[in-house]
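Reviewing the structure listed below.
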2 protein chains.
Amino acid sequence: MEKEVTIYDIAKILNLSPATVSRALNDHPAINSKTKLSIANTAAELGYRSNTFASNLRRKSTSTLGVIVPRLDSSFMSAVLAGMEEVANKAGYNLLISQSLESQGKEKSNAKTMYNSRVDGLLVSLAYDTEGFDHFENFVKKRVPVLFFDRIFDHSECATIVIDNEKAGYDVTSHLIMQGCTHILHVTGNLKRNVYIDRLSGYRKALEAHGIAFDEAWVLETDLSREAGKAAVDYMEKLPVRPDAIFVANDICAISCIQELKQRGYRIPEDIAIAGFNNDPVSQVVEPSLTTVYYPGKEMGAIAVKTMINHLTGTSDIDPANSVVLQSELLIRDSSRKLQREARN
Amino acid sequence: MEKEVTIYDIAKILNLSPATVSRALNDHPAINSKTKLSIANTAAELGYRSNTFASNLRRKSTSTLGVIVPRLDSSFMSAVLAGMEEVANKAGYNLLISQSLESQGKEKSNAKTMYNSRVDGLLVSLAYDTEGFDHFENFVKKRVPVLFFDRIFDHSECATIVIDNEKAGYDVTSHLIMQGCTHILHVTGNLKRNVYIDRLSGYRKALEAHGIAFDEAWVLETDLSREAGKAAVDYMEKLPVRPDAIFVANDICAISCIQELKQRGYRIPEDIAIAGFNNDPVSQVVEPSLTTVYYPGKEMGAIAVKTMINHLTGTSDIDPANSVVLQSELLIRDSSRKLQREARN
DNA sequence: TTTTGGATTGTAACCGATTGCATTAGCCAA
DNA sequence: TTGGCTAATGCAATCGGTTACAATCCAAAA
């Protein structure tokens, strides 16, 4: 049971050439269907499995997609990966997954690994502090497609999958304003990243649209961790005017704010309304339940892989600079419902 | 920028044979260190990257580990994967990850894909309803090591990584009993899986140890989903005696129980104490915070890969039937604290 | 009967790295 | 000078499919 079966073995048994066997197994049209059948049968009998390396070596393609994400252990990312895996698997592609742990250095080294593994395409969501595109240049030069999702990099050669973060930020802020809030603190992440700068931009526009002046002091850039939540509450208490709402750019940090605020005796949403972002499972469980933005993670992963595979197989020769924008949705829950307290979600 | 550099190019430039170049790049002792240096230099200059396929084809190994998990989108699994990725990456191994979506059928097809991809080793956590070992026989026959973690299969050829589920189940149950509970409903998962049957066994033993009679009607086998949580509450209300505690075999379902119970007017833990399992992030956020069992996911992933790689490189020729048992820990929180209400966690 | 052309199948040169078995050079001792 | 030995390098086969370019066969057309 040790020896591997090759197309040569099959060829010898059936008195054919290995070329014919190879073509038959790949369903080449020139091969007689009866021949194909007998080849398929003996292949099955012998327990033949194709040697991917030999095949890749000759074909120069790997049927493997590389994925680099900031962290594997976040509910959003695992949803994304679940979506990716499902589509890739169906299309016969493998996924090579690695995490940058939010570090530019590790992202670079992962990119190198992917490059050496000769992935057919690369799917990336950027780390917190990544600057520049150097580590992806190799791919572009070798014409390996690179696609960014969620935390993207704007590059003429790369497709992107995002949600409309500006609109989402606008919607959240408008909602808070409609609830009567006029002093809204925005706690955000690293503004190098599109997701955060765009949400901020939506926040600004909503303020303007409602005639509220924008003030830089009301934007707090953090790492959006649990600790940042507490720090944000500290910061808030030092502001000249007490805010009546906080819009946090992620749920984890928003929840930590809620817990901290409750501990300090604030009532939510009566004293301060809170809104988060991502629709993390915890957002439904926390009390009061957290107003947030639904983020289609699984769908995003699925579409990213679909786009990539279409690109690779040439099904869609769409402009590689095309960008898919997915639908997000504001989920209004108790943490921000100052009016219509009756309508429960 | 299209042409790939090969060892032949390097050889030609330096007037050496490809054999020497290959050996130099692999740091073979027979090669003169000066020669090595000049080869390394020109390789770097030319932007050479080794062709894995050619190498794999010749070597018959892939430096890739296959991973099959029930779901990617669970906080426990993403912790496991994060741990795996870190170790594998450091050791120069790649991870090929796929999910069975809790279906035996998909698990089988994934195993086949892994087999055809010729992974050097396979790491598996079983789906909900998997029976039998057939789909892994191929690996055993070809001497590809298979390691099970968490949801394991007992097989003489396969290593396993687990926590002591029986002990954990015992500890949870004992704790509830110490809080004065005598009627403890146990909501569990598919009893084919070791993790659930072992926890159940711990539950039984704890009852016995405290002189409480075991009753089958007090064990509810479910799929541990959110819906199952509600169904469990329904079931509970139909029992002849109202339970004073529920021990649920996972946090997601436990939390859904809590929410349902609260909605029906029960006070937790005064009327009913609740305990979960896994230390999912939500368990800290729910109110009251959920007593649960800390599950070392990241560590489990790391150790699984470490064990596998040691096995592959022959560093440890330990009996393949060896089993690693990791430490878990009972985290007592408010949902079960009927006594000593002062000690907060 | 000869020609022509489509349908099948075969030949052989790759793809790029690895490695068992020489071979060569250089040095020391006999 | 010669033999022996070590260190360093080269030769050439090999891993298993793929594919451009024939070659072959057979029936239909001329």
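The values are calculated or read from the model by the stated rules, or taken from the named source; none is laboratory data. Treat the numbers as computed from the prediction; the structure is a model and nothing was measured. Glycine gets a Cβ as well: all are built from the backbone with ideal geometry, and neighbour counts include every protein chain shown.
Looking only at the range B:1-22, which residues are near DNA strand C (Cβ under 7 Å from one of its atoms) and over 10 Å from B:Ile39 (Cα atoms)? Across the range B:1-22, the qualifying residues are B:Glu4, B:Thr6, B:Tyr8, B:Pro18, B:Ala19. Out of the residues in the range B:54-101 meeting the condition of being hydroxyl-bearing (Ser, Thr, Tyr) and touching a Ser or Thr at 6+ places or on another chain (Cβ under 6 Å), tell me which one is nearest to the other protein chains (Cβ to nearest Cβ). So the residue we want is B:Ser78. Only residues that are more than 25 Å from A:Gln327 (Cα to Cα) and surrounded by fewer than 23 Cβ atoms within 10 Å (Cβ to Cβ): list them for the range A:269-304, please. Residues satisfying the conditions are A:Glu270, A:Asp271, A:Glu287, A:Pro288. Number of residues in the range A:53-85 that are out of contact with any strand residue (DSSP E or B) (no Cβ under 7 Å at 6 or more places or on another chain) and surrounded by fewer than 19 Cβ atoms within 10 Å (Cβ to Cβ): the value is 7. Considering every residue within the range B:131-146, establish whether at least one is surrounded by fewer than 18 Cβ atoms within 10 Å (Cβ to Cβ), among the hydrophobic types (A, V, I, L, M, F, W, C), in the same structural domain as B:Ala232 (by TED's automatic domain parsing) and part of a loop (DSSP other than H, G, I, E, B). No; the residues of the range B:131-146 include none that is surrounded by fewer than 18 Cβ atoms within 10 Å (Cβ to Cβ), among the hydrophobic types (A, V, I, L, M, F, W, C), in the same structural domain as B:Ala232 (by TED's automatic domain parsing) and part of a loop (DSSP other than H, G, I, E, B).
Kindly evaluate B:Asn32 against the criterion of being within 11 Å of chain A (Cβ to nearest Cβ) and over 17 Å from the mean Cα position of the chain (by Cα). Criteria not met by B:Asn32. Hey, can you tell me all the residues within the range B:40-52 that are within 9 Å of DNA strand C (Cβ to nearest atom) and either of a type outside the set (Val, Ile, Thr) or surrounded by fewer than 12 Cβ atoms within 10 Å (Cβ to Cβ) (or both)? Scanning the range B:40-52 gives B:Tyr48, B:Arg49, B:Ser50, B:Asn51. For the range A:108-167, a residue qualifies if it is in contact (Cβ under 8 Å) with a residue 60 or more places away in the chain, more than 25 Å from B:Asn51 (Cα to Cα) and among the acidic types (Asp, Glu), and the qualifying residues are A:Asp129, A:Glu131, A:Asp150, A:Glu157, A:Asp164. Select from the range A:205-218 the residues that are surrounded by 16 or more Cβ atoms within 10 Å (Cβ to Cβ) and either hydrophobic (A, V, I, L, M, F, W, C) or under 19 Å from A:Asn190 (Cβ atoms) (or both) and list them in ascending order. Within the range A:205-218, A:Ala206, A:Leu207, A:Ile212, A:Trp218 meet the criteria. Does B:Val87 satisfy the condition of being touching a helix residue (DSSP H, G or I) at 6+ places or on another chain (Cβ under 6 Å), modelled with pLDDT of 90 or more, under 30 Å from B:Leu224 (Cβ atoms) and away from DNA strand C (no atom under 16 Å from the Cβ)? Answer is yes for this residue.
Summed over the range B:35-45, the residues that are at pLDDT 90 or above and either within 14 Å of chain A (Cβ to nearest Cβ) or within 7 Å of DNA strand D (Cβ to nearest atom) (or both) give a count of 2. Taken together, B:Leu37, B:Leu57, B:Leu25 contain a single residue that is farther than 27 Å from A:Ala302 by Cα, within 11 Å of DNA strand C (Cβ to nearest atom) and without any contact (Cβ under 8 Å) to a residue 12 or more places away in the chain, which is B:Leu57.
Counting only residues that are in contact with a His (Cβ under 9 Å, 6 or more places away or on another chain) and of a type in the set (A, V, I, L, M, F, W, C), how many does the range B:126-155 have? I'd like the intermediate steps shown before the answer.
The initial filter retains those residues of the range B:126-155 that are in contact with a His (Cβ under 9 Å, 6 or more places away or on another chain), namely B:133, B:136, B:140, B:145-148.
Okay, now just the ones that are also of a type in the set (A, V, I, L, M, F, W, C), so B:133, B:136, B:140, B:146-148.
So the count comes out to 6.
Within the range B:179-218, the residues that satisfy the criterion of being in contact with a Pro (Cβ under 7 Å, 6 or more places away or on another chain) and assigned to a strand (DSSP E or B) are B:Ile184, B:Leu185.
Please work out which residue is modelled with the lowest pLDDT, limiting yourself to the range A:1-31 and to residues that are loosely packed, with under 11 Cβ neighbours inside 10 Å and more than 10 Å from DNA strand D (Cβ to nearest atom). Checked the range A:1-31; the qualifying residue modelled with the lowest pLDDT is A:Met1.
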